[in-house]
Amino acid sequence: MDRTRPDRALLAPGDIVQLTDPKGRHHTLTLEPGRTFHTHRGGIAHDDLLGQSEGCVITSSGGTTYVVLRSHLEDFVLAMPRGAAVIYPKDAARIVMAAGVRPGGRVLEAGAGSGALTCSLLSAVGHDGLVVSCELRADFAEVARTNVERWFDGPPANWNLHVGDISDGAWAADAPYDALVLDMLDPWNHLETAQAAVRPGGTLVCYVATTTQLSQTAEALRTAQAWTEPRAEESMVRTWHLEGLAVRPDHRMIAHTGFLLISRRLADGATPPLRRRRPAKGAYPVPEGDTST
Ligand SMILES: C[S@@+](CC[C@H](N)C(=O)[O-])C[C@H]1O[C@@H](n2cnc3c(N)ncnc32)[C@H](O)[C@@H]1O
């Protein structure tokens, strides 16, 4: 089934749908003939949804109404089972853009974790592209495979999943890549691999949770002398309460998830131009014996 086609008018078996109750709580289910979805507010027979128009409103046996919509990828990712922590949709959207991922593109990622970013990458490269995912842990790889195959309704033809360390080079048969996304604790230890995997001009995006990882990765990239000056960013999405004159930011938000560190691979043999801006005083430790400052 092609979930990228929004024109399938009526709800059908295999559709992943999201039910939203009057309080805004969501339930995600895959439609199957003969099954019943049970909530503490009564049951809903899948058969009552099959053949209905997307956007219909259904009433459970307990009298609660639910809006029924096919899940978007962001709804699915937030509801799907997790092994490792997932990359949130707000960050996945930025990664796709920052890495220059486009239809027909070839992308390598590690680790696959729960497969959340994988789904975004696969959608972005489309049928003519390729995503190769490496995941160290076999149990997490299985979670990723299940989630990806559930979202795409089967194994995507444009996806290869390798179980093992990205530095093992199992991805090499599909190299070079237009982009590499590293989501792991120690991306600075995999920059030689990155240099071998990414074509000149291709993009490396590292997703890290802490400032120390960010700093260590940035300095390792500079030392490697094979990448453009890295840039760092983070995204915050703040939702708003909307009610009459009470229009204000919601009290709660997912403030910090991670940082993106973005850099492009230089041509073989090219050396990065000297940085014009001098580092700020105190940015680097003073070498022993240096009395110049
Ligand atoms: C935070 S999770 C990735 C989540 C994933 N990006 C997602 O959106 O679902 C980090 C994963 O990297 C894996 N990992 C760590 N080091 C690795 C390596 N050297 N090669 C491959 N996978 C690695 C871990 O096992 C873990 O599953």
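The values are calculated or read from the model by the stated rules, or taken from the named source; none is laboratory data. Being a predicted model, the structure only gives us computed values, none of them experimental. Cβ: placed from backbone, ideal geometry, glycine included. Neighbour counts: every protein chain shown.
Which of the residues that make up the stretch 202-240 are loosely packed, with under 13 Cβ neighbours inside 10 Å and among the charged types (D, E, K, R)?
Those that are loosely packed, with under 13 Cβ neighbours inside 10 Å and among the charged types (D, E, K, R): ARG231, GLU233, ARG238.
Any residue in the stretch 104-118 that's closer than 14 Å to GLY202 by Cβ: show its pairings with residues that are within 6 Å of the ligand (Cβ to nearest atom) at Cβ separation under 8 Å, as long as the two are six or more apart or on different chains.
Filtered contacts from the stretch 104-118: LEU108/CYS134; LEU108/ILE166; GLU109/LEU117; GLU109/CYS134; GLU109/ASP183.
Which of the residues belonging to the stretch 238-276 are of a type in the set (Lys, Arg), over 30 Å from MET184 (Cβ atoms) and outside the structural domain of GLN225 (by TED's automatic domain parsing)?
Residue satisfying the conditions is ARG276 alone.
Within the stretch 114-130, can one find any residue that is within 15 Å of the ligand (Cβ to nearest atom) and either of a type in the set (Lys, Arg) or assigned to a strand (DSSP E or B) (or both)?
No, because not a single residue in the stretch 114-130 is within 15 Å of the ligand (Cβ to nearest atom) and either of a type in the set (Lys, Arg) or assigned to a strand (DSSP E or B) (or both).
Go through (1) farther than 23 Å from GLY104 by Cβ; (2) among the small types (Gly, Ala, Ser); (3) more than 10 Å from the ligand (Cβ to nearest atom) for GLY154 and report which single condition fails.
GLY154 satisfies every listed condition except (1).
From the list ALA116, ALA157, which one is buried (at least 20 other Cβ atoms within 10 Å of the Cβ) and either closer than 19 Å to VAL101 by Cβ or among the polar types (S, T, N, Q) (or both)?
Selected residue: ALA116, the only one of ALA116, ALA157 that is buried (at least 20 other Cβ atoms within 10 Å of the Cβ) and either closer than 19 Å to VAL101 by Cβ or among the polar types (S, T, N, Q) (or both).
Identify the residue in the stretch 164-194 that is closer than 20 Å to ASP139 by Cα, within 8 Å of the ligand (Cβ to nearest atom) and aliphatic (A, V, I, L, M) and, among all such residues, is surrounded by the most Cβ atoms within 10 Å (Cβ to Cβ).
So, considering only residues that are closer than 20 Å to ASP139 by Cα, within 8 Å of the ligand (Cβ to nearest atom) and aliphatic (A, V, I, L, M), the one surrounded by the most Cβ atoms within 10 Å (Cβ to Cβ) is ILE166.
With the stretch 1-110 as the region, which strands (runs of 3 or more DSSP E) entirely inside it contain at least 3 residues that are within 14 Å of the ligand (Cβ to nearest atom)?
Answer list for the stretch 1-110: 106-110.
Of all residues in the stretch 131-149, which are within 24 Å of TRP227 (Cβ to Cβ) and more than 10 Å from the ligand (Cβ to nearest atom)?
VAL131, VAL132
Which is out of contact with any Gly (no Cβ under 9 Å at 6 or more places or on another chain), assigned by TED's automatic domain parsing to the domain that holds ARG231 and at pLDDT below 95, of PRO155, PRO81?
One residue alone meets the criteria, PRO81.
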